[in-house]
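Asker: Sharing a structure, written as structure tokens. Questions coming.
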Amino acid sequence: MSKSLEVFSDLSERLDYNLSDLRLYVRKGNLQQFSNYSAACHWHPDVEFILVLEGSMDYFINGQTIQIDQGNGIFVNSNRMHYGFSQEQIDCTYIVVVIHPSLFGEATSLARKYADQKFGTHMDDFLLLTDQTAWQREVLVSIKNIYAEMHNSNLQNPLRLLSLALSLCASVGDHVQQKEGHTDNEQLWTMIWKMTGFIHQNYESKITLNDIAAAGTVCRSRCCKLFNTYVGQTPNEYLIRYRIQKSFDMLKETNRSISEIAMACGFQSASYFTFIFRKQLGLVPQDYRKQY
């Protein structure tokens, strides 16, 4: 199972790479571990590959939502807002491979310059991978291979891991295309990062829609539209999910009471926290703590 995501105030994610000297994240995960069967919306400079092993999942990338069926996968380009979820709250098992740009070499190297061009903001946000196309089928097999190598019961071969990671990136690099009508909108993304950042920094306190909108210097309606389009949730939905996600760690890793955790996560009372927790996960916080 993949470890919990650690998401910073600007929605960037800190990844717990498998090996300290090789910035490569290769793990299995499932949607059941997340609140409401939905991972936190996040971004990172790494490129990401997903292969669905069992079930199916919905996947949100920069305002678009697609479905990934069993046996298929997806490539997510660098610095894109994204997360996996299940609208029907049905579990899904998957392999995730995340590759940091440092593996392409120094900033001035030919490989790094090629990667920066192929995985830049002006290129495709994602590529859906199916077994119906030969090169995509090879990528899906490579995802399994890199997982097997990383989790080899013996010693991993770092050269093989690096070779497999670069091969994955080379394959999609051949097929990723420049987006039509692309325009950079740094101001728009700055608004989103400021508003989500405000939630991350103040989730313990009472937060209103006015507060969130003010953080992005936009009106309430503009705030809601930006969240729905680029985060895939309303501001309140994101706030509640973030609070619940924060409570997971406290329930698993501390002996704090339910009342203390409720207050620390911004809920007005333990009873309201329990109500929302049960609504999101189908069990009460005490039972979640016992399970994990």
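Asker: For the chain, what does -39500 (n - 2.57) per DSSP helix run (n ≥ 4), summed and divided by total residues, give at 222 nm, in deg cm²/dmol to the nearest 500?
Answerer: Helix-only estimate at 222 nm: -13000 deg cm²/dmol.
Asker: So how tilted is helix 158-173 from the main axis of the chain? Cα-based, degrees 0 to 90, rounded to 10.
Answerer: Once rounded, the angle reads 90 degrees.
Asker: Calculate one ³J(HN,Hα) per residue across region 254-266 by plugging θ = phi - 60° into the Karplus curve 6.51 cos²θ - 1.76 cosθ + 1.60, and present them in order as whole Hz with x for glycine and proline.
Answerer: These are the phi-based 3J(HN,Hα) values: 10, 9, 5, 5, 4, 5, 5, 5, 4, 5, 5, 9, x Hz.
Asker: Can you work out the Karplus-derived ³J(HN,Hα) for every residue in region 193-207? Use 6.51 cos²θ - 1.76 cosθ + 1.60 with θ = phi - 60°, whole Hz, and x for glycine or proline.
Answerer: Going residue by residue, I get 5, 5, 6, 5, x, 4, 5, 5, 8, 10, 4, 6, 9, 5, 10 Hz, with x marking Gly and Pro.
Asker: Given a 1.4 Å probe, how much area per residue of the chain is accessible, in Å²?
Answerer: Computed with neighbouring chains in place, this is 49 Å² per residue.
Asker: Can you give the FRET efficiency to the nearest 0.05 for F275 and E54, using r as the Cβ-Cβ distance and R₀ = 41 Å? Intermediate values should be presented prior to the final figure.
Answerer: Details: r = 31 Å, r/R0 = 0.76.
Efficiency for this residue pair is about 0.85.
Asker: Also, quick follow-up: For the peptides 236-243, 137-144, 78-85, what is the packing order when you average, over each peptide's residues, the other Cβ atoms within 10 Å and list the highest mean first?
Answerer: Listed from highest to lowest mean packing, they are 78-85, 236-243, 137-144.
Asker: Taking only C-alpha pairs under 8 Å that are 6+ residues apart, what is the relative contact order of region 193-292 in percent? Intermediate values should be presented prior to the final figure.
Answerer: Working: 83 pairs, mean separation 22.3, N = 100.
That works out to 22 percent.
Asker: Here's something else I'd like to know. Please state the charge dipole magnitude for region 166-292, taken about the Cα centre, from unit charges on C-beta atoms (+1 on K and R, -1 on D and E), reported in debye and rounded to the nearest 20.
Answerer: 520
Asker: Please give the direction-averaged projected area of the C-alpha convex hull for region 172-256, in square nanometres with one decimal. The partial results should precede the final answer.
Answerer: Numbers: hull surface 33.1 nm².
Over every viewing direction, the Cα hull of region 172-256 projects on average to 8.3 nm².
Asker: Computed FRET efficiency, Cβ-Cβ of L162 and Q268, R0 45 Å: what is it to the nearest 0.05?
Answerer: Details: r = 50 Å, r/R0 = 1.12.
With R0 = 45 Å, the Cβ-Cβ based efficiency is 0.35.
Asker: Return the carbon/sulfur percentage of the accessible area of the chain, one whole number, probe 1.4 Å, all protein chains in place. Display every interim value, and only then the final one.
Answerer: Details: 6680 of 14230 Å².
It is 47 percent, rounded to a whole number.
Asker: Still on this structure, I have one more. From the P(r) of region 11-106, can you give the percent of Cα pairs sitting at distances over 17 Å?
Answerer: Numbers: 2213 of 4560 pairs.
Distances greater than 17 Å cover 49 percent of the Cα pairs.
Asker: Using the Kirkwood radius over Cα pairs, work out the Stokes-Einstein diffusion coefficient for the chain at 20 °C and 1.002 mPa s, in µm²/s as a whole number.
Answerer: Details: Rh = 20.1 Å.
For the chosen part, D equals 106 µm²/s.
Asker: May I ask for the net charge around I99, where only other residues with Cβ less than 10 Å from the Cβ of I99 are counted and Lys, Arg are +1 while Asp, Glu are -1? Spell out each step's value before the answer.
Answerer: Working: positive: R23; negative: D46, E48.
Once all neighbours under 10 Å are counted, the net charge is -1.
The values are calculated or read from the model by the stated rules, or taken from the named source; none is laboratory data. Everything quoted here is computed from the prediction, not taken from an experiment. When we count neighbours, we look across all protein chains shown, and the Cβ atoms used for this are built from the backbone with ideal geometry, even at glycine. Calculation scope for accessible area: heavy atoms of the full protein, side chains included, ligands and nucleic acids excluded. Shrake-Rupley method; radii C 1.70, N 1.55, O 1.52, S 1.80 Å.
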